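Written below as structure tokens is the structure these notes are about.
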Ligand code: ZN
Ligand code: FE
């Protein structure tokens, strides 16, 4: 896949995916339509699909206008079909959705919202996870519980190390400031924080990140690490409780 990253609004990333074999073009989580249309016009690409991860306005805001202009097929979570504007195709856990000559494996990842899904393009080593994993962070639990969100994160964490994590927000710098308070001795975290500082100072995005880095550095993916459990005062045999405590601390950081 050719992948184009479009920064919109305050800190959102919208992604265009083009399959060179068929010319199919998808947009992942179009927060807005205008910036997407401008990028498509500039590249003379024609939009065929909208892939939504969850129902929030900064992920579906452009759906109806893009569907109207291009007749694009809107794909979204079956578990949340009533809240996805213009949805045509519902997908859920373990299903493969064919896009051009590639396939996206769908994961149900509830926690941020009840019906949140993620799309994994195995051949392109790309994961589009919306507001589930952020670099060095994770989404807030608006509609889920710690056991649910932890299970969702643990599922994605097991993807291959070389998987690029295309999350929907540039939150990495503030996530880094929090992460070092709960996991100060983590070398992988220190290395990533240094990289993030360098990228931001140069005006570069910190997204995508690599799953192999996130699972070592991101405290929200390390709730089953005994050292982190001890640092937040929760039992090492209860990762959901460790996760919940780390999330709680971040909410008030
Ligand atoms: Zn969201
Ligand atoms: Fe969002």
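The values are calculated or read from the model by the stated rules, or taken from the named source; none is laboratory data. Everything quoted here is computed from the prediction, not taken from an experiment. Here the Cβ positions follow ideal geometry from the backbone for every residue, glycine too, while neighbour counts run over all protein chains shown.
Tabulated data
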read-out: Residue 55 in a loop (DSSP other than H, G, I, E, B), modelled with pLDDT of 95 or more and either out of contact with any strand residue (DSSP E or B) (no Cβ under 9 Å at 6 or more places or on another chain) or over 21 Å from residue 103 (Cα atoms) (or both); value: yes
read-out: Subset tally (residues that are more than 16 Å from ligand 2 (Cβ to nearest atom) and surrounded by 22 or more Cβ atoms within 10 Å (Cβ to Cβ)) for the range 137-152; value: 1
read-out: In the range 217-253, residue farthest from residue 147 (Cα to Cα) [restricted to those that are within 23 Å of the chain's Cα centre (by Cα) and assigned to a loop (DSSP other than H, G, I, E, B)]; value: 253
read-out: Considering residues of the range 135-167 that are in contact (Cβ under 8 Å) with a residue 60 or more places away in the chain and assigned to a strand (DSSP E or B) only, the residue farthest from ligand 1 (Cβ to nearest atom); value: 166
read-out: Qualifying positions in the range 116-134 - under 18 Å from residue 170 (Cα atoms) and part of a strand (DSSP E or B); value: 118, 126, 127, 128, 129, 130, 133, 134
read-out: Subset of the range 75-90 [assigned to a strand (DSSP E or B) and surrounded by fewer than 22 Cβ atoms within 10 Å (Cβ to Cβ)]; value: 89, 90
read-out: Count of residues meeting criterion [more than 16 Å from residue 252 (Cα to Cα) and surrounded by 21 or more Cβ atoms within 10 Å (Cβ to Cβ)] in the range 171-193; value: 5
read-out: Where residue 164 falls short, out of the listed (1) within 16 Å of ligand 2 (Cβ to nearest atom); (2) within 18 Å of residue 13 (Cα to Cα); (3) surrounded by fewer than 24 Cβ atoms within 10 Å (Cβ to Cβ); value: (1)
read-out: The range 1-49, residues that are over 20 Å from residue 88 (Cβ atoms), touching a strand residue (DSSP E or B) at 6+ places or on another chain (Cβ under 7 Å) and either modelled with pLDDT under 95 or within 15 Å of ligand 1 (Cβ to nearest atom) (or both); value: 8, 11, 12, 13, 32
read-out: Residue match in the range 194-204 (condition: in a loop (DSSP other than H, G, I, E, B) and either in contact (Cβ under 8 Å) with a residue 24 or more places away in the chain or within 16 Å of residue 12 (Cβ to Cβ) (or both)); value: no
read-out: Single residue of the range 61-74 satisfying the filter (part of a loop (DSSP other than H, G, I, E, B) and touching a strand residue (DSSP E or B) at 6+ places or on another chain (Cβ under 8 Å)) that is nearest to residue 46 (Cα to Cα); value: 72
read-out: In the range 121-134, the residues that are under 21 Å from residue 13 (Cα atoms) and either within 15 Å of ligand 1 (Cβ to nearest atom) or surrounded by fewer than 21 Cβ atoms within 10 Å (Cβ to Cβ) (or both); value: 122, 124, 125, 128, 129, 130, 131, 132, 133, 134
